[in-house]
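To keep things clear, I will list the structure first and then write my remarks on it.
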Amino acid sequence: MADENPITAAFEIQRQTLEQSQKALEQSIEFQKELSEALAGGIDEGVETQKRTVEITRNALDRYLEAIESSVPGSESGIAQIREAMDEQFEALDEAGEEAASMAEEGLEEYGDLSETYLNTLGEQLELLQETHEDLEAQTVDFVEETESQLQELQEEAEGQLEEQIERIQEQTDQLRQQVEDE
């Protein structure tokens with residue numbers, strides 16, 4: 001059929017809408033993936049910044065404790081206990097920060113994997129929808145063409161029958177005239 005067929009045009013609009021929706025969805029997922037990657041990079045930078053901050057704080061406290069130790073006679077044993085407790089706290093802080101960063105990165109990776117799986121599944125569903133849409137279009141166009149053909153045949157048949165009836169009526173009219181003239 002010609003491209004001006006309204007059914008084909010309607011299906012083309014639907015197809016374009018499906019394609020645009022798929023592209024928009026893919027762009028949205030891609031944006032989310034890029035955001036996740038940026039967040040992961042931010043986590044790494046945050047961990048490094050936290051480590052530097054902890055190290056600076058630790059060094060400052062060490063110097064402070066050294067100053068107390070050198071200026072207060074007999075404070076060595078108390079300072080040693082403070083340093084031991086301080087070291088334990090800083091180690092615990094380092095471990096907690098690394099664990100939090102690791103959990104965040106794992107969560108982002110899982111999110112990325114789930115997004116990828118979701119996108120693949122959605123892509124497969126959209127492909128199936130598009131194939132089904134194309135099949136429906138072909139069936140609809142075939143149905144319309146067949147119906148138009150049948151209507152054309154019926155119209156031609158009806159016109160043929162009408163012509164036959166007109167000819168019969170004319171013959172009958174001619175016969176009646178002939179009879180009237182003969183009488």
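Quick note: the coordinates plus some simple rules give every number you see, no bench work behind them. Being a predicted model, the structure only gives us computed values, none of them experimental. Because the Cβ atoms are built from the backbone with ideal geometry, glycine has one as well, and the counts that use them run over all protein chains shown.
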(request) Between PHE31 and ALA138, take the C-beta separation as r, use R0 = 22 Å, and let me know the FRET efficiency to the nearest 0.05. (result) 0.05
(message) Students often get this wrong, so try it: which of (1) -0.51, -0.60, -1.24; (2) -0.65, -0.74, -1.12; (3) -0.87, -0.92, -1.15 is log10 I(q)/I(0) by the Debye sum over Cα atoms at q = 0.12, 0.13, 0.18 Å⁻¹ as calculated from the structure shown?
(response) (3)
(request) Round to the nearest 0.05 the FRET efficiency obtained for ARG83 and GLU116 when R0 = 30 Å and r is the Cβ-Cβ distance. (result) 0.05
(request) Considering only THR57, THR140, THR173, give the residue with the highest GNM mean-square fluctuation for the chain, with springs between Cα atoms whenever their separation is below 10 Å. (result) THR173
(message) Under a crude label model (7 Å from the Cα following the beta-carbon direction), how far is ALA60 from GLU95 in nanometres?
(response) 2.6
(request) Measure off 7 Å from each Cα along the Cα-to-Cβ vector at LEU128 and GLN14, then give the distance between these two points in nanometres to one decimal. (result) 1.8
(request) Using a 10 angstrom cutoff on alpha carbons, build the Gaussian network for the chain and name the most mobile of GLN16, GLN152, GLN161. (result) GLN161
(request) Name the residue, out of SER75, SER28, SER36, whose mean-square fluctuation peaks in a Gaussian network model built on the chain with Cα pairs under 10 Å. (result) SER75
(request) Would you mind ranking VAL47, VAL141, VAL72 by Cβ crowding within 10 Å, fewest neighbours first? (result) VAL72, VAL141, VAL47
